[in-house]
Each structure stands twice: as structure tokens, then as C-alpha cells.
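Before we start, here is the structure in question, set down as C-alpha cells.
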Amino acid sequence: MEDFKKLFFDEASDLLIKLEESLMHLEDNPDDIELINEVFRIMHSLKGSGSMFGFDNLSKLTHDLETLYDKIRTGDIKLTSDIISFTMSTNDHISQLLKNDSDESLVLRTDEIKKHINSIITSGSTESIDEESNNTEITDNKSRNSVSNSNEATYFIRFIPNEDILSDGTNPIYLVDELADLGESIVRLNIDNIPDFEEIEYEKCKVSWTIILSTEVDKSEIDDVFLFVEDDSKIEIVKISEKNLLSNFNSKSTFEFVLNNKENTLENVLSAVKSLETMLDDRSVIDELTAVESRVVSENIVDEFESVTSVGTKTESAGIETVKVAANKLDSLINLVSELVTTQARLVNMAAETRSTEMVILSEDLQHLSRQFRDIAFDMRLIPVQTMVIKFKRLVRDLSKNLGKKVNFTTEGTETELDKNIITTISDPIMHIIRNSIDHGIELPETRLENNKPEAGNIHLKAYHSGTSIVINIKDDGNGIDKNAVLKKAIDRNLILPTDELSDKEIYNLLMLPGFTTSELVTDVSGRGVGMDVVRKTIEDLRGEVMIDSKPGQGSEITIRLPLTLSIIDGLLVTINNDSFVIPLSSVKQIYKVDKESVNNSINNILNVEGVQFPFLNLPKLFGSISNETDEIHFVTVSYKDKSIGLVINKLISEYQAVLKPIGKILKNNEIFAGATILGDGKVALVLDTNKLIDHYSNQKLM
Amino acid sequence: MNKKILIVDDSYSIRESISFFLTESGFDVVKAIDGEDALKKLDGKKYDLIITDLHMPNMNGIELIKQVRKLEQYKRIPMLLLTTETLHEKKLEAKNAGATGWLNKPFEKDSLFKVIKKVLR
């Protein structure tokens, strides 16, 4: 704002020079209406801009002068040489106010000048200027009022826009949206007045709205929504209750019923309100009791569900009943559901073979039911990311205090849900990442100030859905990662060769190689070398992925991509040498048809597909092809770290939702498979873990 | 694509400060110094909102609004009038000329955005 003050200062100085010029010309031509207008406009500009930038006295004074010159230009007051020379003297005063608007002696003088102006105005014309100054006060009161009241109430609002409301650029829907933003609402659009299609005049607004709104804001704020349209449109705002009547499901549906009725009059709404209010009174005692009870239960249901969650959802928790279930019971339920889904898939196959319509219908019904069953069962295991955020908040507070740093921790999308097992496992790695951010990333307050950054650093955690995965992104605005230090250390430790050419991202991701730590100084917080490599391993064990990115001096960003749940994957069913395999869809980028010749003739396992060069793994060959005679091959590109890698496979079968089963002991050490799944025909297909598969074979120097 | 707003005000400081706030919030801003300049800047291009001052040399805000509404292309464009007038009649005059709404000077950043929200999404 200070910058703008400076702008205003320059501008006002220019205006004052212009003002002086105009006044001098006016002395010679006191009837020149253009010059009078000019003076009026300058006063107006000074007043408007002055008030914007905190020059209150200047603005008040110029306001009075503006009124004076307005009266002069309309002919109410005659411009005399006295008035001109008086204006010139105020001119000097204004330039002093410009230097110091709140100087006491200047303020006193301002009042005197104002008095003088007013006397000119009153003696020159009969009208007083009181009217306008009163008006300013009214608006002041209005804004003060709107802050004071915080009681909830419910309103009935009917908004019948003027037919021509669209003609001045008003969009009534925005106003309805604005209303809805004020609290909880039920909105009903009335379209009964829309004429037949042939008679529609598309420029006319023929619809109206009836709204029930429960809000904490003052009625004046509701009025303000219609500020621009209140003169032309029909607006009815009636307080129907001093309570929030939309807080529970029952009353909501009652209102919906009443509003959807053709006779959605205020009377009908009011009678509904009456019966609801008596009901609410009866319920309130019961609600209080259940609220306490359900809070206790919800605290227990998951150990991380600390009180913050129940405080956050206090109002809603009154209606939700929670039951505590042992986690292992939930696990066996999931297992059984998985079995059911598999068995049912076989049934569908069988039914199709019998060609009996009844059988097919029956199996499809069962399929429908078991899918719903599965969805609900999986949903039961999902808990919001919020549950672990509390831990992080504490960590940030304690740690930043210890280290003498200032850190703001903000979150976004913490209502995103993840499998409970994933949340439990992922929480420690994220703690580690945040610890790193505070310890190595965020600078000390003094350093930050020196670097023109706000004193307090920011760490932002954001969770969101992306396709079939959940992404958790942790971003700080600290000093970033020192690329050269990472490179140097990686070379020192023989993790890479000095001749290796790496992209920035690849360099940052070196941090996650086993036995890596960059901080020069090992503090007791982080940097013991059991850092990011453990983080990466934990996340990859969950079939997830972690990426580091950083901008020097601006901060680092760590992105974790996790599957929604551990026990089911959306996959692509393919065959390699006549065996079935599943590639997780989450990593599949694109599928190409290529001819066998080009794969066989490729050099260094790089294939050019549609103008893009892909390194690839020839899976039929790697998996020990017996008959390399299959004609059909496909090329599936999957994402691997930041790149796309091609996988050569034989046949594409279909998309397949695989229920993941652990593989037996014999294959336990074989990392390249995430598990196995049973196909509809009872055969077993192995599920590829593409990241580990590529890791495995690229270490063998096949790429 | 960013929403594009035309700001018309003869005061440099107001023009710049509004433009700063809007640009900061991701709007594209074009500035004009008075009504005539505003009409030149419109020039058949696509705008999402016009914010104009009332008192300006050459062509004032009300006159500008009237002129813009005459142009078929801008018949429905939201237009806000910046004014220090608190009298209701003045606002009706603006409304009748075709303004979508108004904003009283002085205003804070918050009320600027509150009013913009009423007419632009």
C-alpha cells in the first residue's frame, strides 16, 4: 500500500499544479465553464484517491471544495474573485496535508477552512450540504453492524428478477450462488413461467428462485447480495426462525418437499417451520447426549483420530453413529470380499458358456451386488489424510521452536481418503520429509529476511486424487536443495560416475539412494543417513512412487503418489509368451502397435515409435521365450520416475480389476511382481510391479 | 484463460492500485484514462468486465456506459461504476444508463473483490 501512497503523492502534486493554472486562468475568465469543470474534477480526483490511500483530512477538505465548485458549475453560486483567491490559499494547505495528513495543527486549520467553505456555500445557496455527509455516516454504521451479530437464523428468500435483468450485464445466478455461499441453503428454481418454445424471448428472464437459507450473517448482508438489483426485481427476505433449521437431514428434506411443491408459499414454509421447531426442541436433548457419545467412539475407532477431527465435525457428528470395529475383523471381511469377487468373476464366465439367459441374468445380478459389496467394504477401510495431519502440526510447532525457526504449516485436501494401512505406513515417511524441510530447507528468520523472504517459512501439504492414485505433495519455500553438493557427494560415494550426465530432477532424486545425507552438519533431527532412502523404500513397498523437485533459493517439493488401496488394482491384462500378466493401469501411459521386425532390429534397446524414442524391455525375450514365433506384439509405455519406458508384450486381453494376492514363498524374493491374481477362468496371473521390473533389468545393464 | 478487465479512471494512482490487485489475483488488466480512451481500447476485443470511474475529462463514466451498451458486442458485458456519490438517485441513474453495479470510493481490496464476484465468475 505504501507504494501506492507514493503514486498518489506524485499524482496529487501534478494535480495541484494543474489546479493552480486553472485558477489563474479563471481569474481572467470567471465564466469559463470548462475551467470550472476542470477545478471540480481535480477536487473530485483528490478526494477520491486521497480517501483510498488514507489521506482522510485532505479528502474531507477536497470533498467540501468539490461541493462548492459543483454548486458553482450548476450556477447556484456565482464565482467571485474572493472565492478564487480563497481556493488558491487552500491549495497551499492541501499540499501541506499531502506531506502529513494527520498533523494536529494542520487538522485544526483544515477545520477552519472547511467552516469557511461551508459559510460560502450556505450564504450562496439555501441548500445545506448536511445531507451528503450524513449519508457517509450511514454507510459506516452499516459496515459496523454486519460484524457484530453472529447468531444463526433461517430465512425464506424469494427472488423474482425483473424480466430485463439480463440487459445490463447482471447474471442472476451469480447472486443466487452468492446467497448460497452465506451458509447452508436449499435452492429451488421456479420455471413455471417459461413460455412454450416458439414463444420464448431469449433476452427475457422468466425464471425465479425460492431459497431457504440458514446463516450466521446479518440480514443486512443478505440484503447486500441484491444491492444492484433491488430496485427493479422483486425480492422478499423473511426471517422464519432464529435457529439453523437446515442442520439436520430430516428438516432439509421437509423443506425440499415444501419447496418442490407448486404451492411453495411463505405460509406453507412457515407452517413447516412450526412443526420442525417443536421437533428440534425435543431432539436437542437427545442430540447433546449422542454428540458426547459419538465423540468418544470416534476418538477410539482409529488411534490417530485425535480430538481435532471430532471438533472439526462436531456439528455433523451428532447425526452420525459410529461403531468401533477391530481392525482384524475388517481385514478378514476384505479378504472374504476379495474371494467373493473372484468367485463371482468365474461364475460370469461359466454362465456365459451355458448360454442360459436366466443363468446370465442371475450372474450379472450377483456381479452387481458383489461390486457394491466390495465398494462398501473397501470404503470402510478408508480414513481421511487429516488423521495424520495433527501429528505433523505438532511436529512442525515443536521442531521449529527447537531450531529457532518460524514455520507456517498449511494443508489442503486433507479430507482425501486413503486405506488405513497406507495411512499408518506413510505417516512416518512424511514426518521425515517435513523434518527435513524444517531442518535443511527453511532458513533462519534473519537469513530469510536478508533474502527478501517473509520471516516465517511455509510448508504446504496437499492431498488429492489423480486417476486411480492419491497424490500427497509437500512443498516448502526454503532454500531448496544444493544441486552441486548433491552431485559432489554422489560422486564421492561412488553412487554415480563423474561423467554421468543427469537432469536436475535426476540429481535431486539421488538423495533417495541408500546412504545419502547432504547436510554438512548432522543435527539431532535429521541427516543420519537413514533418511530419504528409507522413505523411498517404504513408499515403493506400498506400490507408490516418490519424486523430489527443487528450485534453488525458492524451496523444494516432494510428491508422493500412492495407490488408493492395497488389495485391489485396476490393471491391463496381457499375455507374454502365452502366460497372463497384469500391468497396473496407474503406470500405463500409452499402448502402441509395433511390428516385430523393428523390435528385433533395434539397437541398444531403443525404439522409435511415432517419432519418440523409448528405451524398452523386451519382456517375451527376458521372460525366456520358448517360441519367439508369435506374430502379434504390442508396445506398452509405462511411467518410470520421470521417463516413459516401453514394455514389449504379446497380446492385449482387456482391462482387469485384479484382487491382489500375495505370492507364495518360492517367489517371495522375486521383486518384480507385486502379487498374483486369480482370473475369471481360475487361472493365475502375476501382477507386474513396473518400477521394480525396470529397476531389476536396468541394473543388469540390459538398457 | 484469464478474465480480462478494462479499468477506466483518470487518476493514475487509483488505476494502478486497482490494476495491481486484479493482476495479483490473476486477471488480465487493460487500463484507460477516460471514456474516449476506453472506447478505443475496447476496439471489438473480448472483455469480461469494465470498471469505470464516474467523473473523468472527455467522457465521463455514465456516458461511457451508455456508449458501450449501444455496441452490439458489449450489450451484456458487466460494467461497474466507481463513485464517491452515496445518494441513491445517482446510483439509479447509473443503473438506468446500463451499469451492472457500483462501488463506493473509498474502498478496500476486499470490497472490490466482493463486488466483482457479484458480476463475474
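The values are calculated or read from the model by the stated rules, or taken from the named source; none is laboratory data. Quick caveat, the model's predicted, so the values are computed rather than measured. Glycine gets a Cβ as well: all are built from the backbone with ideal geometry, and neighbour counts include every protein chain shown.
Please go through (1) over 12 Å from the mean Cα position of the chain (by Cα); (2) assigned to a helix (DSSP H, G or I); (3) surrounded by 18 or more Cβ atoms within 10 Å (Cβ to Cβ) for B:MET56 and return the number of the only condition it doesn't satisfy.
Among (1) over 12 Å from the mean Cα position of the chain (by Cα); (2) assigned to a helix (DSSP H, G or I); (3) surrounded by 18 or more Cβ atoms within 10 Å (Cβ to Cβ), B:MET56 violates only (2).
Shifting gears a bit: Residues of region A:570-586 being at pLDDT 85 or above and under 44 Å from the mean Cα position of the chain (by Cα), which ones?
Matches in region A:570-586: A:GLY571, A:LEU572, A:LEU573, A:VAL574, A:THR575, A:ILE576, A:SER580, A:PHE581, A:VAL582, A:ILE583, A:PRO584, A:LEU585.
Same structure, new question: Here are A:LYS274, A:LYS206, A:LYS252: which of them is more than 14 Å from every other protein chain (Cβ to nearest Cβ) and not in a helix (DSSP H, G or I)? Steps first, answer last, please.
Details: A:LYS274 fails: not in a helix (DSSP H, G or I); A:LYS252 fails: not in a helix (DSSP H, G or I).
Testing whether each residue is more than 14 Å from every other protein chain (Cβ to nearest Cβ) and not in a helix (DSSP H, G or I) leaves just A:LYS206.
Mind checking whether some residue in region A:74-96 is within 14 Å of chain B (Cβ to nearest Cβ), of a type in the set (Ser, Thr, Tyr) and under 29 Å from B:GLU108 (Cα atoms)?
no
Among the residues of region A:61-102, count how many are under 19 Å from A:THR122 (Cα atoms) and not in a helix (DSSP H, G or I).
Here the count works out to 7.
Then there is this: Checking B:SER13 against (1) of a type outside the set (D, E, K, R); (2) within 27 Å of A:LEU15 (Cα to Cα); (3) within 13 Å of chain A (Cβ to nearest Cβ); (4) in contact (Cβ under 8 Å) with a residue 24 or more places away in the chain, which test does it fail?
Status for B:SER13: all satisfied but (4).
With the requirement that a residue be more than 50 Å from the chain's Cα centre (by Cα) and either at the interface with chain B (Cβ under 8 Å from one of its Cβ atoms) or crowded, with 19+ Cβ neighbours inside 10 Å (or both), what does region A:1-21 give you?
Of everything in region A:1-21, just one residue is more than 50 Å from the chain's Cα centre (by Cα) and either at the interface with chain B (Cβ under 8 Å from one of its Cβ atoms) or crowded, with 19+ Cβ neighbours inside 10 Å (or both), namely A:LEU19.
When you go through A:ALA377, A:ALA318, A:ALA345 one by one, which is the residue that is of a type outside the set (Phe, Trp, Tyr), under 23 Å from A:TYR656 (Cβ atoms), at pLDDT below 80 and crowded, with 18+ Cβ neighbours inside 10 Å? Full working, then the answer.
Working: A:ALA377 fails: at pLDDT below 80; A:ALA318 fails: under 23 Å from A:TYR656 (Cβ atoms).
When all the criteria are applied, what remains is A:ALA345.
Please find, within region B:106-121, the residue that is farthest from B:LYS3 (Cα to Cα) out of those that are surrounded by fewer than 21 Cβ atoms within 10 Å (Cβ to Cβ) and within 7 Å of another protein chain (Cβ to nearest Cβ).
B:PRO106
Report every pair of residues separated by at least 6 positions or lying on different chains whose Cβ atoms are under 7 Å apart, first residue within region A:34-58 and more than 14 Å from A:ILE17 (Cα to Cα), second of a type in the set (Phe, Trp, Tyr).
Within 7 Å, the pairs are A:ILE36/A:TYR69; A:PHE40/A:TYR69; A:SER49/A:PHE8; A:PHE53/A:PHE4; A:PHE53/A:PHE8.
Given the options A:SER598, A:SER556, A:SER580, name the one that is free of Cβ contacts under 8 Å to residues at least 60 places away in the same chain and either in a loop (DSSP other than H, G, I, E, B) or out of contact with any Phe, Trp or Tyr (no Cβ under 6 Å at 6 or more places or on another chain) (or both).
Step by step, each of A:SER598, A:SER556, A:SER580 is checked, and only A:SER598 is free of Cβ contacts under 8 Å to residues at least 60 places away in the same chain and either in a loop (DSSP other than H, G, I, E, B) or out of contact with any Phe, Trp or Tyr (no Cβ under 6 Å at 6 or more places or on another chain) (or both).
Do we find a residue being surrounded by fewer than 17 Cβ atoms within 10 Å (Cβ to Cβ) and without any contact (Cβ under 8 Å) to a residue 24 or more places away in the chain anywhere in region A:380-396?
Checked region A:380-396: at least one residue is surrounded by fewer than 17 Cβ atoms within 10 Å (Cβ to Cβ) and without any contact (Cβ under 8 Å) to a residue 24 or more places away in the chain.
Still on this structure, please answer the following. For region A:450-476, how many residues meet the condition of being free of Cβ contacts under 8 Å to residues at least 40 places away in the same chain and assigned to a loop (DSSP other than H, G, I, E, B)? Working first, answer last.
Applying the first criterion (free of Cβ contacts under 8 Å to residues at least 40 places away in the same chain) to region A:450-476 yields A:450, A:452-454.
Okay, now just the ones that are also assigned to a loop (DSSP other than H, G, I, E, B), so A:452-454.
So the count comes out to 3.
Within region A:41-53, restricting attention to residues that are more than 8 Å from chain B (Cβ to nearest Cβ) and under 19 Å from A:PHE86 (Cα atoms), which residue is surrounded by the most Cβ atoms within 10 Å (Cβ to Cβ)?
A:LEU46
Closer than 29 Å to A:ASP64 by Cα and of a type in the set (Phe, Trp, Tyr): is that true of B:TYR12 in this structure?
yes
Continuing with this model, one more query. So, of the residues in region A:412-449 that are in contact (Cβ under 8 Å) with a residue 60 or more places away in the chain and outside any helix (DSSP H, G or I), which turns out to be farthest from A:ASP476 (Cα to Cα)?
Step by step, filter region A:412-449, then rank; the result is A:ASP419.
Within the bounds of region A:241-258, is there any residue that is of a type in the set (A, V, I, L, M) and modelled with pLDDT of 80 or more? Step through it out loud before you land on a result.
The initial filter retains those residues of region A:241-258 that are of a type in the set (A, V, I, L, M), namely A:245-246, A:258.
Remaining after also requiring modelled with pLDDT of 80 or more: A:245-246.
Among the residues of region A:241-258, at least one is of a type in the set (A, V, I, L, M) and modelled with pLDDT of 80 or more, which makes the answer yes.
Which of (1) within 12 Å of chain B (Cβ to nearest Cβ); (2) crowded, with 23+ Cβ neighbours inside 10 Å; (3) not hydroxyl-bearing (Ser, Thr, Tyr) is the odd one out, the single condition A:ASP56 does not satisfy?
(2)
Continuing with this model, one more query. Could you check, for region A:349-370, whether at least one of its residues is basic (Lys, Arg), assigned to a helix (DSSP H, G or I) and not assigned by TED's automatic domain parsing to the domain that holds A:MET431?
Of all residues in region A:349-370, those basic (Lys, Arg) come to A:355.
Filter again for assigned to a helix (DSSP H, G or I), leaving none.
No, region A:349-370 contains no residue that is basic (Lys, Arg), assigned to a helix (DSSP H, G or I) and not assigned by TED's automatic domain parsing to the domain that holds A:MET431.
While we're looking at this one, here's another question. Can you tell me how many residues in region B:66-101 are more than 7 Å from chain A (Cβ to nearest Cβ) and not charged (D, E, K, R)?
Going through region B:66-101 one residue at a time, the tally reaches 13.
Now a separate question. Are any residues in region B:68-108 touching an Asp or Glu at 6+ places or on another chain (Cβ under 9 Å), assigned to a helix (DSSP H, G or I) and of a type in the set (Lys, Arg), and if so, which ones?
Scanning region B:68-108 gives B:ARG69, B:LYS91, B:LYS95.
Which residue out of A:SER185, A:SER214 is modelled with pLDDT of 85 or more and touching a Gly at 6+ places or on another chain (Cβ under 6 Å)?
Exactly one of A:SER185, A:SER214 is modelled with pLDDT of 85 or more and touching a Gly at 6+ places or on another chain (Cβ under 6 Å), namely A:SER214.
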